[in-house]
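Read the structure below first, then the notes.
The numbers here are math on the coordinates, done by the rules we state, and not lab data. What you see is a predicted model; the values in this text were computed from it and never measured. All Cβ positions, glycine included, derive from the backbone under ideal geometry; neighbour counts span all protein chains shown.
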Amino acid sequence: MPAVCLNGEERTLPDGATVLDAVHASGAEGEARGVAVAVDGEVLPRAEWTRTALGEGCHLEVLHAVQGGC
Amino acid sequence: MDRLTIGDRTFGSRLIIGTGGFRNLETVRKAVKASGAEMATVAMRRVDPSARGSLLDVLTEVGCFVLPNTAGCFTARDAVTTARLAREALETDWVKLEVIGDDRTLLPDASELLEAAETLVGEGFTVLPYTNDDPVLAQRLEDAGCAAVMPLGSPIGSGMGILNTYNLRLIVEQSHVPVILDAGIGTVSDAALAMESGADGVLLASAISRAEDPAAMANAMRKAVEAGYEARRAGRIPRRLYAEASSPEEGVAELQSP
């Protein structure tokens, strides 16, 4: 089972888990509209979430839009 | 009021709202509606499972174009990655570029800002940089291909208004892209002054979001921006050192008996 760093927390996901599973584990709902993912500091396009397996120790940031600005 | 054109979009309002600092989404909705703004900024942050409601839904409902920012970034690299994440999340290549150089004043880091702007323009982004009120840096950002320049009036959230109207006027005079006064607005007279000074628009948040009655202040800001814009075009009178009588000087009665 891959242990990853998900939004700053150590998490263990099931074997075969993909980036999409990590997105759901982060708390993003449904189709995660308005969500973007960086894996080890690089943006991973949405189309690749389901076909990208989580590597041991990888660092995921799952972001969405919040109130902000000035 | 003429429409404001930035890049390939036009807007009926010259007031842009930052959504930071509002107590909740309902307050955002009411204030943005009262402001008449057609563009609002959002920040990109980690997904919070406890968050309720969708900011994007609220902004869509009130008809606002969503402008993601890179708030919180201190390096060109982080700002560029954040802009790419926002493009992926929000399906927009527009970005309000912020690269902060000091966490107490939140003043921009000029060299990192310029580097990030050049990279993002090269990747096809429509870049709206939050910049110091420095005419030379503003020119460099325009030369780099930014779609607008957004000089600060004073530090973010300070409410100190426009500390250097001279620099603002220089930026307005030299720029061939829209100039948006961004940050520092405290009250309506600051927003009106920005527009009277020739700014094409005003971006603010705290002045509304932290006001006692955000929706009422939003409505007031809408009027201030419109009034400042119209006054600029109407042509103000020159400042004089002494009075100039506005009543006829001839035909004044002699009311003292000789």
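Just to confirm the filter: which trypsin sites (Lys or Arg not before Pro) across region B:171-244 are DSSP coil and have at most 14 other Cβ within 10 angstrom of their Cβ?
Values: sites: B:ARG210, B:ARG222, B:LYS223, B:ARG232, B:ARG233, B:ARG236, B:ARG239, B:ARG240; in loops: B:ARG210, B:ARG236, B:ARG239, B:ARG240.
Here the sparse-neighbourhood loop sites are B:ARG236, B:ARG239, B:ARG240.
Show that you can apply the helix-only estimate: for the protein assembly as shown, add -39,500 (n - 2.57) for every DSSP H stretch of four or more residues, divide by all residues, and state [θ] at 222 nm to the nearest 500.
Numbers: 10 runs with 106 residues, N = 328.
After summing the helix terms and dividing by the residues of the protein assembly as shown, the value is -9500 deg cm²/dmol.
Give me the inter-chain shielding for B:37-46: mean count of other chain Cβ atoms within 10 Å, whole number please.
Per residue, the average neighbour count from other chains is 5.
Could you tell me how many cubic angstrom of Cα convex hull volume region B:118-258 has per residue?
Details: hull volume 24.2 nm³, N = 141.
That works out to 172 Å³ per residue.
In a solvent-free Debye calculation with one equal scatterer on each Cα, what is log10 I(q)/I(0) for region B:1-52 at q = 0.12, 0.31 Å⁻¹, listed in the order of the q values?
Each listed q maps to, in turn, -0.36, -1.24.
Percent of Cα-Cα pairs more than 19 Å apart in chain A, please. Present the calculation step by step, with values, prior to reporting the outcome.
Values: 634 of 2415 pairs.
The proportion of pairs with Cα distances above 19 Å equals 26 percent.
Convert 20 °C to kelvin, take the viscosity as 1.002 mPa s, use the Kirkwood radius over C-alpha pairs of region B:55-202 as Rh, and evaluate the Stokes-Einstein diffusion coefficient in µm²/s, rounded to a whole number.
Result for D is 140 µm²/s.
Please state, as a whole number in µm²/s, the translational diffusion coefficient that the Stokes-Einstein equation yields for region B:82-151 at 25 °C and 0.890 mPa s, with Rh defined as the Kirkwood radius across alpha carbon pairs.
Taking Rh from Cα pairs, D becomes 204 µm²/s.
Kindly write out, for region B:242-247 in residue order, the coupling ³J(HN,Hα) from the Karplus curve 6.51 cos²θ - 1.76 cosθ + 1.60 (θ = phi - 60°), rounded to whole Hz, with x marking Gly and Pro.
10, 5, 10, 4, 9, 9
Out of the DSSP beta bridges found with both residues in chain A, what percent are antiparallel (nearest 5)?
Taking every DSSP beta bridge within chain A, about 85 percent pair in antiparallel fashion.
Over 27 Å apart: what share of the alpha carbon pairs of the protein assembly as shown falls there, rounded to a whole percent?
48 percent
Using all alpha carbons of region B:1-114, what is the percent of pairwise distances in each 5 Å bin, ordered from the shortest bin to the longest?
Percent of Cα pairs in each bin: 2, 11, 19, 21, 20, 16, 9, 2, 0.
Determine the shielding of peptide A:18-27 by partner chains: average, over its residues, the number of Cβ atoms on other chains within 10 angstrom of each Cβ.
Across A:18-27, the average partner-chain Cβ count within 10 Å equals 1.
Please find the FRET efficiency linking A:THR12 to B:PHE74, where r is the Cβ-Cβ separation and R0 is fixed at 30 Å, and quote it to the nearest 0.05. It would help to have the intermediate numbers written out before the result.
Numbers: r = 32 Å, r/R0 = 1.05.
Rounded to the nearest 0.05, the efficiency is 0.40.
Based on DSSP, what percent of beta bridges with both residues in chain B are antiparallel, to the nearest 5?
Beta bridges within chain B, antiparallel portion: roughly 15 percent.
Within 10 Å of each Cβ of B:80-93, how many other protein chain Cβ atoms are there on average?
Partner-chain Cβ atoms within 10 Å, mean over residues of B:80-93: 5.
By what distance, in whole Å, do the Cα atoms of chain B stretch along each of the three principal axes, largest value first?
Ordered largest first, chain B gives principal extents of 89, 40, 35 Å.
Using Cα-only point scatterers and the Debye equation, what is log10 of I(q)/I(0) for region B:186-258 at each q in 0.19, 0.20 Å⁻¹, rounded to two decimals?
With no solvent term, the Cα-only Debye profile gives -0.80, -0.85.
Taking the Cα centre of chain B as origin, work out the dipole magnitude from +1 charges on Lys and Arg Cβ and -1 charges on Asp and Glu Cβ, in debye rounded to 20. Kindly include the intermediate steps, with their values, before the conclusion.
Numbers: 25 positive and 36 negative charges, 134 e Å.
It comes to approximately 640 debye.
In nm, to one decimal, how far is the B:ASP8 label point from the B:GLU230 one, both placed 7 Å along Cα→Cβ?
Those two pseudo-labels are separated by 3.4 nm.
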